[in-house]
Amino acid sequence: MSRKAVVTGGASGIGAAIARQFAKDGLQVVVADRDTEGAEALAREIGGQAWTVDLSDTAALEDLTLDCDVLVNNAGVQRVAPIHEFAPEDFRLIQRLMLESPFLLIRAALPHMYAQGWGRIINVSSAHGLRASAYKVAYVTAKHGLEGLSKVTALEGAPHGVTSNCINPGYVRTPLVEKQIADQAATHGIPEDEVVEKIMLTRSAIKKLIEPDDVGALAGFLASDAAGMVSGTSYTMDGGWTAQ
């Protein structure tokens, strides 16, 4: 019987790349996303299942049970503004979606993983889980919190055969990043074609965006038996950004 994976934010971008990699590796994949049409389309493509869910509605997740072998916490949004202009509701939304819901999903998945003595928690963090950037207070805060959640999960899960790790990409070529390019251009007052080089990749030694399939490949390794001794880590894939 093949293992079952749940991938949040799975309808597009990094999540879709991870879902495709898992399907290629023989896992049964549940594509979890608030975009019903997108989730169902990808599920049909890879022979998986779609789960329409708004993960920002965290109250609805408190009694959830997840019988999955691999959980990928990937769903996220971005808001860009100076702290003194940052909307409090936007800050709370990002904490619910990107920190509180991963906690609740891990909480829902661990009993099944513990019972079978095997499990994989993969948290899609960011270089911003390790470093900060101006104008991204909510995102950076949530990703730093996700790092701590992942490490505690690794410590508690170790006696039960459950690993927990973060993947920390730099800027990946996704719809979320394409939107950020426009937002950053407006915030910094520069043309969009200058944002990638002057803002996004200024600290990266390799001056190009990461492809979603690259992140999918790393997730595939972390979900495998070969990664059984990899736990509590933050795997950077950032072109050398955090090496500085």
Legend entry - Length-normalised contact order of the chain in % [C-alpha pairs under 8 Å, at least 6 apart]: 21 percent
Inset, instruction - With just the Cα atoms of the chain, tell me how far they stretch along each of the three principal axes, in Å, largest first. - result: 54, 36, 36
Legend entry - On Cα atoms only, tilt of 175-188 relative to the major axis of the chain in degrees: 30 degrees
Legend entry - Between helix 13-24 and the chain: long-axis angle, C-alpha atoms, 0 to 90°, nearest 10: 30 degrees
Legend entry - In degrees, nearest ten, helix 212-222 long axis to first principal axis of the chain (Cα): 40 degrees
Legend entry - Most mobile listed residue (Ser224, Ser150, Ser12) in the chain, GNM with C-alpha springs under 10 Å: Ser224
Legend entry - Euclidean distance between Cα centres, region 156-174 to region 43-76, Å: 16 Å
Legend entry - Length released on extending from Arg92 to Thr187, taking residue separation times 0.36 nm less the Cα-Cα span: 32.1 nm
Legend entry - Order of Asp25, Asp193 - criterion: other Cβ atoms within 10 Å of each residue's Cβ, fewest first: Asp193, Asp25
Inset, instruction - Might you report the magnitude of the Cβ-based charge dipole of region 49-176 about its Cα centre, with Lys and Arg at +1 and Asp and Glu at -1, to the nearest 20 debye? - result: 540 debye
Legend entry - Listed residues Glu147, Glu89, Glu178, most fluctuating in the chain (Gaussian network, C-alpha, under 10 Å): Glu89
Legend entry - Charged-residue dipole, Cβ positions (Lys, Arg, Asp, Glu), the chain about Cα centre, Debye nearest 20: 580 debye
Inset, instruction - Place +1 on the Cβ of every Lys and Arg and -1 on the Cβ of every Asp and Glu in the chain, take the dipole about the Cα centre, and give the residue among Gly161, Ala16, Val29 whose Cα lies farthest towards its positive end. - result: Gly161
Inset, instruction - Name the residue, out of Ala32, Ala23, Ala87, whose mean-square fluctuation peaks in a Gaussian network model built on the chain with Cα pairs under 10 Å. - result: Ala87
Legend entry - the chain, helix-only ellipticity at 222 nm - DSSP H runs n ≥ 4, -39,500 (n - 2.57), divided by all residues, nearest 500: -12500 deg cm²/dmol
Legend entry - Sorted by Cβ neighbour density within 10 Å, fewest at the top, the residues Met237, Met98, Met200, Met113: Met237, Met200, Met113, Met98
Inset, instruction - Counting other beta carbons within 10 Å of each Cβ, put Ile18, Ile206, Ile199, Ile167 in order, fewest first. - result: Ile206, Ile199, Ile167, Ile18
Inset, instruction - Quick one: dipole size for region 22-76, taken about the Cα centre, charges +1 on Lys/Arg Cβ and -1 on Asp/Glu Cβ, in debye to the nearest 20. - result: 220 debye
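Bear in mind that the values in this text are calculations on the coordinates, not laboratory data. Owing to the predicted nature of the structure, the values given are computational and were not obtained by experimental measurement. We place every Cβ from the backbone using ideal geometry, glycine too, and count neighbours over all the protein chains shown.
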